[in-house]
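The values are calculated or read from the model by the stated rules, or taken from the named source; none is laboratory data. Remember, it's a predicted structure, so these values are computed and weren't measured experimentally. Cβ coordinates were reconstructed from backbone atoms using ideal geometry, including for glycine residues, and neighbour counts include every protein chain displayed.
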Amino acid sequence: MTVLVTFFCFLWYLLHSIPKLYLFYEMLIMKKVYHVCLSAGGSGLLCRVDEDYIRLVNCIVLAAYSNSSFLLAYSVMSNHVHICVRTSDLTGFIKKWRYAYTRYFNMKYRRNGRLGGDPFVVELKGIFHILTAIAYVLRNPLHHGVAATPFGYRYSSVSAVFRNELGMQPSVTLPRKSMYLHLPDQFSVPEEYKMDMTGMFLPECVIDVEDVEHLFTTARSYLYYMNRLSGKKWEEEQAADGMGQLPITIESIEHGVGLNDIRTMLNNEFGKANYNAVSDIALCELIDGECLSMHGGGTIYELDSDVRMKMAESLVRKRRLPMAQVCRCLAIPNPYESQSVAP
C-alpha cells in the first residue's frame with residue numbers, strides 16, 4: 001500500500017513538473033526575433049555583380065539552416081544587407097554567413113581584411129514591431145530607388161509569401177544534382193530547398209512562410225503594407241504593442257548605412273526615382289572591364305587609392321556619373337559628400 005501511494009505521489013509530481021520543466025526549457029532555447037543590417041562601409045560594396053548577390057543570399061540561407069535559425073525577410077543591396085531572423089544564436093548566425101561571404105569576396109577580388117563594418121542589430125518585440133521591420137526590409141529597394149515596387153527587386157524575399165493569392169507562377173528550378181554545384185563541399189540541404197536556374201535559393205523555400213503570412217494575415221493586407229506610405233500611423237501601431245520599443249522607421253532601420261536623404265527616400269515611395277540611372281552593377285562591369293584594362297587588369301583592390309581616385313574623376317567627367325556612386329564602386333572615400341545607396 002505504501003509503495004502504491006508513493007508511486008501515485010511520484011506520478012502526480014511528475015505530471016505537474018513536466019509543464020514547468022518544459023516552460024523552463026522553452027525559455028532557455030526560445031528564439032528571439034532580430035533585425036540585422038550590415039553595411040559595406042569603407043569596403044565600398046558588398047556585391048559588385050549578379051553572382052555576388054546570389055552568393056550572399058545563399059550564404060545567409062545556409063547560415064540560417066546550419067544555425068537552426070528561421071529567416072523572416074531579407075533584402076540584399078549593393079552596399080548593405082537587411083535581414084529579419086528568428087534565432088537563439090544571433091552571433092553564430094551572423095558569423096557563419098559573414099565569414100563565408102567575406103572569404104568568397106576576398107578570393108574573387110584579391111582583397112584582404114574584414115568586409116563591412118559592425119552589424120547593427122535591433123531585437124524586435126511585439127507583432128507590429130516585427131511586422132513593420134519585415135515591411136521596411138522588403139520595401140528597402142523601393143526606398144533607395146532601385147525598383148518601382150518591392151516586387152520588382154530580385155534579391156529580396158518579397159515573393160516568398162501569399163504566392164497563390166497573388167497569382168505568382170511556380171518557379172523553374174534546378175535539378176537536385178545541379179544544386180550541389182552551388183553549395184559548399186559535402187553540404188546537404190533539405191529536399192524542400194530549391195534553387196532557381198541561376199543557382200540562388202528560392203525565397204519561398206527558405207523563408208518561414210507560415211510565420212510571415214500569420215503576421216500579415218491576408219494577401220490584401222500584405223499588399224497594403226508593401227505599398228503603404230511612411231508616416232506616424234506606423235509608429236502608433238507599434239506603440240500599441242506595449243513593449244516599450246523604439247519604433248521602426250526609415251531612419252532607425254537604416255542606422256549605420258550611407259543613406260540617400262530621407263526626403264529622397266520618401267519621394268521614392270511615390271515612384272519618383274530615376275530608374276534609368278546607371279546601376280552599381282553596370283558601373284562595376286564598366287570599371288572591372290574597360291577601366292581596369294587600362295591599368296593592367298586585376299581588381300580595383302590591387303590599385304592604390306590615388307589611381308582609383310583618378311579613375312573616379314575621369315568617370316565623373318566623361319560619363320557624368322555621381323561622384324558618390326563612382327567612389328562607392330571603386331571602394332574609396334567620397335571627397336565631396338557621404339555615400340548613398342544604389343543597386
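Counting just the residues of segment 98-141 that are touching a residue at least 40 places away in the same chain (Cβ under 8 Å), among the aromatic types (Phe, Trp, Tyr) and in a helix (DSSP H, G or I), which one comes out nearest to HIS82 (Cα to Cα)?
Within segment 98-141, the match that is nearest to HIS82 (Cα to Cα) is TYR136.
Would you mention how many residues in segment 142-162 are of a type in the set (A, V, I, L, M), in a loop (DSSP other than H, G, I, E, B) and touching a helix residue (DSSP H, G or I) at 6+ places or on another chain (Cβ under 6 Å)?
4
If a residue has to be without any contact (Cβ under 8 Å) to a residue 24 or more places away in the chain and touching a strand residue (DSSP E or B) at 6+ places or on another chain (Cβ under 7 Å) to count, how many in segment 153-186 make the cut?
1
Would you pick out the residues in segment 132-167 that are touching a Cys at 6+ places or on another chain (Cβ under 9 Å) and closer than 17 Å to SER279 by Cα?
TYR155
Scan segment 220-275 residue by residue and report those that are under 20 Å from ILE83 (Cα atoms), hydrophobic (A, V, I, L, M, F, W, C) and part of a loop (DSSP other than H, G, I, E, B).
Result: LEU246, ILE248, VAL257, LEU259.
Quick one: how many residues across segment 247-270 are in contact with a strand residue (DSSP E or B) (Cβ under 8 Å, 6 or more places away or on another chain) and at pLDDT below 85?
The first filter runs over segment 247-270 and keeps only residues in contact with a strand residue (DSSP E or B) (Cβ under 8 Å, 6 or more places away or on another chain), leaving 248, 252-258.
Narrowing the set further to residues that are at pLDDT below 85 leaves 254-258.
Result for segment 247-270: 5.
Checking VAL172 against (1) aliphatic (A, V, I, L, M); (2) part of a loop (DSSP other than H, G, I, E, B); (3) under 19 Å from ALA63 (Cβ atoms): exactly one of these is not met. Which one?
VAL172 satisfies all of (1) aliphatic (A, V, I, L, M); (2) part of a loop (DSSP other than H, G, I, E, B); (3) under 19 Å from ALA63 (Cβ atoms) except (3).
The rows are residues; the columns are (1) under 15 Å from CYS59 (Cα atoms); (2) among the hydrophobic types (A, V, I, L, M, F, W, C).
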{"position": "LEU181", "(1), (2)": "yes, yes"}
{"position": "PRO184", "(1), (2)": "yes, no"}
{"position": "GLU191", "(1), (2)": "no, no"}
{"position": "VAL209", "(1), (2)": "no, yes"}
{"position": "VAL212", "(1), (2)": "no, yes"}
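With the structure loaded, tell me whether MET294 is among the aliphatic types (A, V, I, L, M), outside the structural domain of LYS125 (by TED's automatic domain parsing) and out of contact with any helix residue (DSSP H, G or I) (no Cβ under 8 Å at 6 or more places or on another chain) or whether it fails that test. Even if it seems obvious, please write down each step before you answer.
Numbers: among the aliphatic types (A, V, I, L, M): yes; outside the structural domain of LYS125 (by TED's automatic domain parsing): yes; out of contact with any helix residue (DSSP H, G or I) (no Cβ under 8 Å at 6 or more places or on another chain): yes.
When the stated conditions are applied, MET294 passes them.
How many residues does segment 287-298 hold that are surrounded by fewer than 17 Cβ atoms within 10 Å (Cβ to Cβ) and either modelled with pLDDT of 90 or more or part of a helix (DSSP H, G or I) (or both)?
We begin by selecting, within segment 287-298, every residue surrounded by fewer than 17 Cβ atoms within 10 Å (Cβ to Cβ); these are 289-290, 293-298.
Keeping just the survivors that are either modelled with pLDDT of 90 or more or part of a helix (DSSP H, G or I) (or both) gives 289-290, 293.
Total meeting the criteria: 3.
Of GLU204, GLU213, GLU237, GLU191, which residue is touching a Pro at 6+ places or on another chain (Cβ under 9 Å) and either within 22 Å of ALA100 (Cα to Cα) or not hydrophobic (A, V, I, L, M, F, W, C) (or both)?
Details: GLU204 fails: touching a Pro at 6+ places or on another chain (Cβ under 9 Å); GLU213 fails: touching a Pro at 6+ places or on another chain (Cβ under 9 Å); GLU191 fails: touching a Pro at 6+ places or on another chain (Cβ under 9 Å).
Sole residue among the options that is touching a Pro at 6+ places or on another chain (Cβ under 9 Å) and either within 22 Å of ALA100 (Cα to Cα) or not hydrophobic (A, V, I, L, M, F, W, C) (or both): GLU237.
Could you give every pair whose Cβ atoms fall below 7 Å, whose first residue belongs to segment 244-263 and is surrounded by 15 or more Cβ atoms within 10 Å (Cβ to Cβ), and whose second residue is modelled with pLDDT of 85 or more and of a type in the set (Lys, Arg), counting only separations of at least 6 or pairs across chains?
GLN245/LYS125
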